[in-house]
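Q: Have a look at this one.
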Amino acid sequence: MKHGHGPVSSPDREDERFMRQALELARKGLHAGELPIGTVLVLDGRILARAYCADKGERKLHHPELLVLLEGDRRHHDLPERRRMTLYTNLEPCLMCFGAATSCCIGRIVYGLGAPVDGALARIAESSFCTIIDPEYIRPVVVGGVLKPESRALFKAFVAQSIDEHMMSFAARILAADDPGPHAVGL
């Protein structure tokens with residue numbers, strides 16, 4: 001059975017637990033007037049790093065996914081440990097963050113709400129990246145749609161309260177392009 005960019009599979013039993021952590025962080029960003037994006041990096045059931053959108057209007061590379069990956073990278077985990085890491089984020093990662101996760105050798109990415117506006121999955125599926133064969137650059141397994149309604153609700157709240165027209169427009173486009181259901185993406 002196919003959906004989107006790869007085979008359908010069920011989320012891991014821990015995925016909702018850690019996605020709830022990411023959503024809690026996203027709420028902090030929302031309360032600060034930022035895009036409601038929260039991220040946690042997990043290894044063997046333990047959170048290694050956490051971040052949410054803050055200061056993004058001033059610093060374009062301050063994505064929470066990138067911040068937790070940098071923190072995880074600072075810990076110098078060996079390759080087998082990195083392959084066991086999971087990046088949880090309530091919004092589909094952009095191309096930069098997906099590339100950083102791949103470069104860090106992260107084993108899984110789990111997200112809530114799809115982001116066809118700037119998300120990496122469609123762009124990567126259309127590129128030659130899918131044909132790269134290198135043992136260091138194994139593409140992470142991607143699971144989407146975990147607690148998607150909760151992520152969607154945060155983005156609706158952001159659109160309703162934001163005074164930043166550019167970010168509000170971005171969030172509104174994500175909501176308009178929303179895709180249904182949980183799915184795994186085997187790029």
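Q: May I ask for the distance between the Cα centers of the range 140-154 and the range 80-119, given as a whole number of Å?
A: Going from one Cα centre to the other spans 12 Å.
Q: Ranked from highest to lowest mean number of other Cβ atoms within 10 Å per residue, what is the order of the peptides 143-151, 109-117, 78-86?
A: Packing order, densest peptide first, comes out as 109-117, 143-151, 78-86.
Q: Could you give the nm distance between label points at His62 and Lys28, where each point is 7 Å from its Cα heading toward the beta carbon?
A: Distance between the two pseudo-spin positions: 1.4 nm.
Q: With a point put 7 Å past each Cα toward its Cβ, work out how far Asp55 is from Arg84 in nm, to one decimal.
A: Reported label-point gap for Asp55 and Arg84 is 3.2 nm.
Read-outs: derived from the displayed coordinates by stated rules, not from any lab. The shown structure was predicted, so the numbers you read here are calculated from the model rather than taken from an experiment. Counting neighbours? That spans all protein chains shown, and the Cβs are built from the backbone with ideal geometry, glycine included.
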